[in-house]
Amino acid sequence: MTKQSTISRAEGWRRRGPLLPALIFTIVVTQVPFAFTLYYSTQSWNLVRPGSREFIGLRNYLYVFRDSQFREVALNTVILIAGTVLISAVLGLAVALLLNRTFRGRGVVRTLVITPFLITPVAGALLWKTAMFDPVFGLVNFVLQPLGLGDVEWVSQFPLASVMANLIWRWTPFMMLLILAGLQSMPTDVLEAGRVDGAGPITLFRELTLPHLRRFIELGVVLGAIYLINTFGAVYMMTQGGPGVESANLPFYIYQRAFLGFDIGQAAAMGVITVVATILISTLALRLLFKTFTATREAA
Amino acid sequence: MSIPATRLPRRFLRRPGRTLAEITTVLVAAAVAFPLYWMVLTAFKPRGQIQSSDPRPWTSTPTLENFRQVFTADDFGRYFLNSVVVATAVVLLSLLVSFLAAVALTRFRFRGRTVLLVMILIAQMVPVEALTIPLFFLMRSVGSAVPQFGLNHLGSLVLVHLAFSLPFAIWMLRGFVAAVPEELEEAATLDGAGRVRFTWQVLFPLVAPGLVAMSVLSFIHAWNDFLFAKTFIISATQNQTLPLAILTFFKPTGNDWGAIMAGSTLMTIPVLVFFVLVQRHLISGIAGAVKG
């Protein structure tokens, strides 16, 4: 009995073996640093004042919560993520439906539509700032001119919305890609059967297509949100977070605090708050992901 | 979108609806691709036309002057090579590591499997901003032991991007590995192939299209990164990657838009080519991953 259990334990480790490199590596690079972030967040530590480092408990958190700029930045981050994810999911669905039909040049059109996702965020942000939003040369003002709106300085007057427009442009293709994958994995006989039963296109879409796509849309929303929390290049290139902190998001603000303001303690506290908020919000998201894990061959 | 009840007019009416959809599609594609077009156009425009007060959406005198400027004056080739090295290393390593992990997670049963799966997913959920500072110090200490993986060296970027691309890679590969029927392994075992041999000689080639498709995401991630390149490569300008190289064209004396756009164009090409090559596999791969 004891012998058998030791064998199965050895076997168990042999089976886990291939997983270990990935696991150890991700833990070392993502979880261990987080433990350090927790530790730094209890320190009064500014690199500008060497030797000033001391333990101050939770006071950094107090400072951060009292910081009205931080609250504004946190709100910006939520608006940016939620707005981008929702709008690009809706647009992505629309574009995917348009592209899920056969027509001449479909391959070219599909590639064109995906390119925003492939272009470097830094370059994409620059293009929006100049080619689209520039008050004199930009396309947006050029198009709006006939409506008498041709002299808006988009990036300085609506900085957060401008960054969001760029992000939506970038993430719609990603959503479209996922939803397209869903549409193409959809069994055609079901649609055919529905059509024979006399259902109109709107009914077919609502009763058959949308439920099938639900998981793909959920996946897109979750993954999109995970990546969008880390948006940095777009803010850096388009607005530098300004004016003030009107368009700064958390990565940018923390970067400013840590690497330009050298306040490691407070920046770390902000990082911890971000993680806690993310985990709270994404518990719900994780549950959705789990549904895709557990409900394996339920929809074939 | 009202559909008349009788058959004949319905077939008649389907055509205009279809044409309308096609026109919409083309319009959407054009609008989405416009900034891209502008980028390429500006890259080929002669300097005098770029900042004119009367911008035109075409040029009759395309020139390679901007590209020449990018390659000669600003050491762009070096940065390009750096980006290629980092992205390639990340892709190859993440292929290997995530393939092994996906095999363990889908083929083998062991205690704590679900817990480990959840841990891998949670690793992906920690926002980078909470980790930038300790990672900076971590890379500084790594650098004092192994300089190649420390600050100011490309190795530090490889390590970080690898860690952040693994969770999603593993998650997607599970679908591909699970799609290979169990009977195949039984057959291979009957033929005398051990587990290791089965994994590398049967499973690996079968999953290869999936591996390639998902590597495009690791590639995009590493290739496009700005935050880590900006925080880790501080003083060693010879080790900068492309997104930062673009910044060097912003000068106090006036931004060199031609060079910026030529650089951006050059930067987009590898990703575009990679993506076009694998896009079919990517779409079927996503469908497979979602179905589980």
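List of remarks:
- Qualifying residue in the stretch B:255-273 (condition: closer than 23 Å to B:Met139 by Cβ and more than 10 Å from chain A (Cβ to nearest Cβ)): no
- Matching residues, the stretch A:88-133, being among the hydroxyl-bearing types (Ser, Thr, Tyr), at the interface with another protein chain (Cβ under 7 Å from one of its Cβ atoms) and assigned to a helix (DSSP H, G or I): A:Thr111, A:Thr115
- Annotation: of all residues in the stretch B:128-184 being of a type in the set (Phe, Trp, Tyr) and away from every other protein chain (no Cβ under 11 Å), the one that is nearest to B:Ile234 (Cα to Cα) is B:Phe149.
- Qualifying position, being at pLDDT below 80, buried (at least 21 other Cβ atoms within 10 Å of the Cβ) and not charged (D, E, K, R), among B:Ala262, B:Ala289: B:Ala289
- Where helices (runs of 4 or more DSSP H) sit wholly within the stretch B:112-189, those with at least 1 residues that are in contact (Cβ under 8 Å) with a residue 24 or more places away in the chain and under 21 Å from B:Pro243 (Cβ atoms) occupy B:132-145, B:154-179.
- Criterion (in the same structural domain as B:Val103 (by TED's automatic domain parsing) and buried (at least 20 other Cβ atoms within 10 Å of the Cβ)) met by exactly one of B:Leu190, B:Leu138: B:Leu138
- Across the stretch B:230-254, the number of residues qualifying as surrounded by fewer than 21 Cβ atoms within 10 Å (Cβ to Cβ) and more than 10 Å from every other protein chain (Cβ to nearest Cβ) comes to 9.
- Qualifying positions in the stretch A:210-250 - free of Cβ contacts under 8 Å to residues at least 60 places away in the same chain and of a type in the set (S, T, N, Q): A:Asn230, A:Gln240
- Scan of the stretch A:146-178 for residues that are buried (at least 20 other Cβ atoms within 10 Å of the Cβ) and among the charged types (D, E, K, R), ordered by number: A:Arg170
- Verdict on A:Ser156 being within 27 Å of the chain's Cα centre (by Cα), of a type in the set (Gly, Ala, Ser) and modelled with pLDDT under 85: yes
- Condition met for A:Leu183 (within 25 Å of A:Glu207 (Cβ to Cβ), buried (at least 19 other Cβ atoms within 10 Å of the Cβ) and either within 13 Å of chain B (Cβ to nearest Cβ) or of a type in the set (S, T, N, Q) (or both)): yes
- Filtered residue count, the stretch B:248-278, keeping only those that are touching an Asp or Glu at 6+ places or on another chain (Cβ under 9 Å) and either β-branched (Val, Ile, Thr) or not assigned by TED's automatic domain parsing to the domain that holds B:Leu217 (or both): 1
- Residue within the stretch B:279-289 that is out of contact with any helix residue (DSSP H, G or I) (no Cβ under 7 Å at 6 or more places or on another chain), of a type in the set (D, E, K, R) and in a helix (DSSP H, G or I) present: yes
- Residue list for the stretch A:96-145, restricted to those being over 17 Å from A:Asn166 (Cβ atoms), surrounded by 15 or more Cβ atoms within 10 Å (Cβ to Cβ) and among the β-branched types (Val, Ile, Thr): A:Val109, A:Thr111
- Residues of the stretch A:54-81 satisfying the condition of being in contact (Cβ under 8 Å) with a residue 12 or more places away in the chain, farther than 19 Å from A:Arg257 by Cα and aliphatic (A, V, I, L, M): A:Ile79, A:Leu80, A:Ile81
- Index of the failed condition, B:Glu129 passing every other in (1) more than 19 Å from the chain's Cα centre (by Cα); (2) over 27 Å from A:Ala225 (Cα atoms): (2)
- Only helices (runs of 4 or more DSSP H) whose full extent lies in the stretch A:1-60 are considered here, and the ones with at least 1 residues that are within 8 Å of chain B (Cβ to nearest Cβ) and at pLDDT below 75 are A:2-16.
- In the set (1) more than 10 Å from chain A (Cβ to nearest Cβ); (2) in contact (Cβ under 8 Å) with a residue 12 or more places away in the chain, B:Leu227 fails one condition alone, (1).
- The single condition from (1) within 25 Å of B:Gln148 (Cβ to Cβ); (2) in a helix (DSSP H, G or I) that B:Pro209 fails is (1).
- Qualifying residue in the stretch B:223-240 (condition: among the charged types (D, E, K, R), under 23 Å from the mean Cα position of the chain (by Cα) and closer than 24 Å to A:Phe174 by Cα): yes
- Scanning the stretch A:211-220 for residues that are more than 7 Å from every other protein chain (Cβ to nearest Cβ), buried (at least 21 other Cβ atoms within 10 Å of the Cβ) and closer than 19 Å to A:Leu80 by Cα turns up just one, A:Gly220.
The values are calculated or read from the model by the stated rules, or taken from the named source; none is laboratory data. No experiment lies behind these values; they were computed from the predicted model shown. Quick reminder, even Gly has a Cβ in these numbers, built from the backbone with ideal geometry, and neighbours come from all protein chains shown.
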